Amino acid sequence: ALLTLGIRQMIPYCIQFRTDKGNKIFLLKRIFRRRRLLTRLREIDHERFEWLLKELKIRYVIPRDREEFKGWKHNKRVATQEEARDLQRMKLEELKVIITLQRVPIF
């Protein structure tokens, strides 16, 4: 409850003074700490968790599984591999056409 109160008091300040990075980071740390505590409470006692959400009038979003970060090198590698596969497929199709034209019918 104290974390939520502190968060609600800091939000207008952080909106008004957008360049104050220190307090913005402090606010984010409080938010993450509250989320971590709520997650623990949700695992331990779901009824108290639901009651607390109603009392504090906050919304809890279930965290998604983390996706692996793929940087520009990975994206470039994947794009190059796809281009190579497309080129191979195109060459195979051309060879199939040439082979079907050169095929001699056997009786």
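Each reported figure results from applying straightforward, stated rules to the coordinates on display, with no laboratory input. Here the structure is a predicted model, which is why all the values come from computation and not from measurement. We place every Cβ from the backbone using ideal geometry, glycine too, and count neighbours over all the protein chains shown.
For segment 5-107, what does the alpha-carbon gyration tensor say about shape, rounded, prolate or oblate, given a ≥ b ≥ c as the root eigenvalues, a/c under 1.5 as rounded, and a/b over b/c as prolate?
prolate
Treating the angle as unsigned and between 0 and 90°, give the value, to the nearest 10°, between the Cα long axis of helix 46-56 and the longest Cα principal axis of the chain. Computed tilt is about 70 degrees. Computed from Cα atoms, the angle from the helix 72-102 axis to the main principal axis of the chain rounds to 20 degrees.
Please tell me the relative contact order of segment 2-102 in percent, rounded to the nearest whole number, where contacts are Cα pairs under 8 Å and at least six residues apart. Each step should come with its number before you reach the end.
On the way: 22 pairs, mean separation 17.4, N = 101.
Computed over segment 2-102, the figure is 17 percent.
Past the 30 Å Cα-Cα mark, which pairs from Lys29/Lys70; Lys24/Lys73; Lys29/Lys76; Lys24/Lys57; Lys24/Lys76; Lys29/Lys57? Write down the numbers at each step before the final one.
Details: Lys29/Lys70 26 Å; Lys24/Lys73 32 Å; Lys29/Lys76 35 Å; Lys24/Lys57 22 Å; Lys24/Lys76 35 Å; Lys29/Lys57 20 Å.
As for pairs spanning more than 30 Å Cα to Cα, those are Lys24/Lys73; Lys29/Lys76; Lys24/Lys76.
The residue among Gln16, Leu38, Phe69 whose Cα reaches farthest toward the positive pole of the charge dipole of segment 2-102, with charges on the beta-carbon of Lys, Arg, Asp and Glu, is Gln16.
As a check on your grasp of the helix formula, calculate [θ] at 222 nm for the chain: sum -39500 (n - 2.57) over DSSP H runs of n ≥ 4, divide by the residue count, round to the nearest 500.
-26000 deg cm²/dmol
Label positions at Lys29 and Glu68, each projected 7 Å from the Cα along the C-beta direction, are separated by 3.3 nm. Taken about its Cα centre, the chain carries a charge dipole of about 580 debye when Lys and Arg each add +1 at the Cβ and Asp and Glu each add -1 at the Cβ.
Within segment 30-107, list the trypsin sites (Lys or Arg not before Pro) lying in a DSSP loop whose Cβ has at most 11 other Cβ atoms in a 10 Å radius.
For trypsin sites (Lys or Arg not before Pro) across segment 30-107 that sit outside H, G, I, E and B with at most 11 neighbouring Cβ atoms in 10 Å, the list reads Lys57, Arg59, Arg64, Arg66, Lys70, Arg103.
Find how much the distance from Arg48 to Phe17 grows on full extension, using 0.36 nm per residue of separation minus their present alpha carbon separation; answer in nm with one decimal. Gain on extension, Arg48 to Phe17, equals 7.6 nm.
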